[in-house]
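First up is the structure itself, then whatever we jot down about it.
The values are calculated or read from the model by the stated rules, or taken from the named source; none is laboratory data. Since the model is a prediction, treat every value here as computed from it, not as a measurement. Reconstructed Cβ throughout: ideal geometry from the backbone, glycine too, with neighbour counts over all protein chains shown. Heads up: the accessible areas ignore ligands, DNA and RNA and are worked out on the full protein's heavy atoms, side chains in. Shrake-Rupley method; radii C 1.70, N 1.55, O 1.52, S 1.80 Å.
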Amino acid sequence: MMERSSRFISLSGWSGISAGVCALAGAFAAQQRIAVYQDSTGAIPCVDCLRKELLLIAVVVFIAAFCSAGVFTWVKARKDGVKIWDKTSRRLLWNTLLPMVAGGFVLWRMIGLEQYDLLAAGSLIFYGLALVNGSKYTMGEVRYLGYAQIVTGIAGLWLPGSGLYVWAIGFGLWHIVYGIAMWWKYDRNSQA
C-alpha cells in the first residue's frame, strides 16, 4: 500500500510498445524524405523544405507516441482502480519534464548552430536522464530504459551520419523491448 501511494504504477507495457512503434514509423518516414532529398536529380534540393518536413514528422511522432501511451496508461489505471493524476504523478511529471525541457533548449541551440549530427544523440541522452530522474516515482524498470537511452545516445556521439538509426534504436527498439518486458512482468497475468 505504501508503494502504491509513493509510486506511479499504472504504466502499461503497451504504452512502451506503442511509443516504440510510433518512433520506428517516424524514423522510416524521415528516412524516406531524406532519400527523396538526396536522390533529387536535376532540381535544386530545398534544404529548408527537408528541415520543415523532418520537424513535422518529429512533432507527429511525439504527439502520436504521447497520446497512444497516455491512452494505454489511462486504461490500465482505470482497470486497476487508481487515479492517474495525483501527487505522485505530478512528481513524476516534474522530475521527467525538467531534464527534457533543459535538453530541449540545448537541442534548440544546436539546431540554431546547424549541428544536426548531434541532435539524435543529444535527444536520447536528455530523455534517458529524464527517465532515470523520474524512475524514483514509478516502476524501477524505467531506470533501465533510461540507462539504455543514455548509452545509446553516447554511442551515437561517435557514429557520425548514423543519427536516424541511433534515434530509431533508442526511441523505437528500446521502447518496444521495455514494453514487452513490462507487459510480460505486470500485464500478462492480469489479461488472462
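Just for helices (runs of 4 or more DSSP H) wholly inside the range 102-192: which have at least 1 residues that are buried (at least 19 other Cβ atoms within 10 Å of the Cβ), in contact with a Leu (Cβ under 7 Å, 6 or more places away or on another chain) and on the phi < 0 side of the Ramachandran plot?
119-134, 141-157, 163-167, 174-182
Restricting to the range 122-154, name every residue that is among the small types (Gly, Ala, Ser) and in contact (Cβ under 8 Å) with a residue 12 or more places away in the chain. Steps first, answer last, please.
Let us first name the residues in the range 122-154 that are among the small types (Gly, Ala, Ser), namely 122-123, 128, 130, 134-135, 140, 146, 148, 153.
Correct list: Gly122, Ser123, Gly128, Ala130, Gly134, Gly146, Ala148, Gly153.
Considering each of Lys79, Lys83 in turn, give the residue that is part of a loop (DSSP other than H, G, I, E, B), basic (Lys, Arg) and either open to solvent by 20 Å² or more (accessible area, probe 1.4 Å) or more than 20 Å from Leu24 (Cα to Cα) (or both). Walk me through it before giving the result.
Details: Lys79 fails: part of a loop (DSSP other than H, G, I, E, B).
On inspection, the qualifying residue turns out to be Lys83.
For Arg91, which of the numbered conditions (1) in a helix (DSSP H, G or I); (2) touching a helix residue (DSSP H, G or I) at 6+ places or on another chain (Cβ under 7 Å); (3) within 26 Å of Ala29 (Cα to Cα); (4) at pLDDT below 90 fails to hold?
Here Arg91 meets the rest and fails (3).
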